[in-house]
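Beneath this line is the structure, given in structure tokens, with notes to follow.
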Amino acid sequence: MNNVQVLQNVEENFQTFRILDEKGEVVNQDAMPDVTDEQLQELMRRMVYTRIWDQRAISLNRQGRLGFYAPVAGQEATMIGTQYALDKQDWILPGYRDIPQLVFHGLPLYQAFLFSRGHVAGNRIPEDVNVLMPQIIIGAQIIQTAGVAMGLKRNGNTNVAITYTGDGGSSQGDFYEGLNFAGAFKSPAIFVVQNNRFAISTPVEKQTAAKTIAQKAVAAGINGIQVDGMDVLAVLAATQQARKDALDGTPTLIEALTYRYGPHTLAGDDPTRYRTKELDTEYQEKDPLVRFRLFLEGKKLWNEDMENEVIEQAKADVKEAISLADKEPKQKVSDFINNMFETLPSNLKEQLEEYTAKESK
């Protein structure tokens, strides 16, 4: 067998895992996760809630009331499905777009807004919420996750660490180092690549010659799976299995095929410069909310009144959260200096005195 045949054999093992098609029809009954009707409804509630929250956050950003923000519309199924498969004591190490996972894991929404503003109070995570704050550096949380997972194992915890990056993050050296470390030490880790096809503006085809990102797990000796990231049931099922395997000593790389409908962030990105209308239309027809709504309506588990109730709740929660964020004392330059070190070096002591005097006037 030559090298080309070996590669082809590997790639053939990474077919996209899905449960629902675009019309909400079950196409893989055997893979259906074991969930109750109430849990199915909760998955839908969280996706609708996240879509509305995202819309309001974009509006708040444009009003100057939020700082850095990365839209999530289109990626809800991957975010909600992975987090819903976790135990409360599992650890989440997110990228900057992964705010919904943090909030549904227990981070108060107003603190998520404070994080967006760069306020230190947004990083004061409650003691009972097992999350780290979002990593802005692309892919840097991959190695951290391998380490946290190893720590959990050494401490005898029966929990996992999960992290998220995009397709662009899979091109970072940290990505391969983290996977290799987790595989070598059999750390209970789950690595999720949200492949939305564009790392800001670079298409995934220019990121790698591999047909899938999931197949990169082979070299690290860990499990890999490519899942339809706009199918919340497939994401949930894949993550549940990944969690079980991680606790049994085999980490998993999940490549979730998804799409962000908006810009990479609201800091000036214009997706019309690198995406076609045809591609946008293709993925809008795969919308995770539409697909799952059709599935639930077919089972008489969802209706317009239920959806409107969630929409109004999301609007009310965002309004309350931004109001709480507004009440947090504004940061001063002296605050930044004091928050930097426990013991200040001499040059910062001088600066602290200077700015404290200015602020007291």
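The values are calculated or read from the model by the stated rules, or taken from the named source; none is laboratory data. Every value quoted in this text rests on a predicted model; they were computed, and no experiment measured them. Cβ sites come from the backbone with ideal geometry, for glycine too, and all protein chains shown count toward neighbours.
Remarks
- Hey, LEU20 touching a residue at least 24 places away in the same chain (Cβ under 8 Å), more than 19 Å from the chain's Cα centre (by Cα), buried (at least 22 other Cβ atoms within 10 Å of the Cβ) and farther than 18 Å from ALA112 by Cβ or not: yes
- Exactly one residue out of GLU307, GLU297, GLU353 is in contact with a Gly (Cβ under 8 Å, 6 or more places away or on another chain), part of a helix (DSSP H, G or I) and not hydrophobic (A, V, I, L, M, F, W, C), and it is GLU297.
- Of all residue pairs spaced 6 or more apart or on separate chains, those with beta-carbon atoms under 8 Å, a first member in the range 276-298 that is farther than 21 Å from PRO263 by Cα and a second member that is buried (at least 19 other Cβ atoms within 10 Å of the Cβ) and β-branched (Val, Ile, Thr) are PHE292/VAL232.
- Residue identified as over 27 Å from GLN39 (Cα atoms) and in contact with a Lys or Arg (Cβ under 8 Å, 6 or more places away or on another chain) among THR276, THR250: THR250
- Positions within the range 82-111 being of a type in the set (Phe, Trp, Tyr), within 23 Å of LYS153 (Cα to Cα) and either surrounded by fewer than 22 Cβ atoms within 10 Å (Cβ to Cβ) or modelled with pLDDT under 95 (or both), in sequence order: TYR84
- The requirement of being among the hydroxyl-bearing types (Ser, Thr, Tyr), part of a helix (DSSP H, G or I) and either touching a residue at least 40 places away in the same chain (Cβ under 8 Å) or more than 27 Å from ILE200 (Cβ to Cβ) (or both) is satisfied by TYR110.
- Matching residues, the range 312-347, being surrounded by fewer than 12 Cβ atoms within 10 Å (Cβ to Cβ) and not in a helix (DSSP H, G or I): PRO329, LYS330, PHE341, GLU342, THR343, PRO345
Let's see how each residue does on (1) among the acidic types (Asp, Glu); (2) outside any helix (DSSP H, G or I):
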residue: VAL192; (1), (2): no, yes
residue: VAL218; (1), (2): no, no
residue: GLN241; (1), (2): no, no
residue: ASP245; (1), (2): yes, no
residue: LEU289; (1), (2): no, no
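- In the range 147-166, the residues that are surrounded by fewer than 24 Cβ atoms within 10 Å (Cβ to Cβ) and in a loop (DSSP other than H, G, I, E, B): ASN155, GLY156, ASN157, THR158, ASN159
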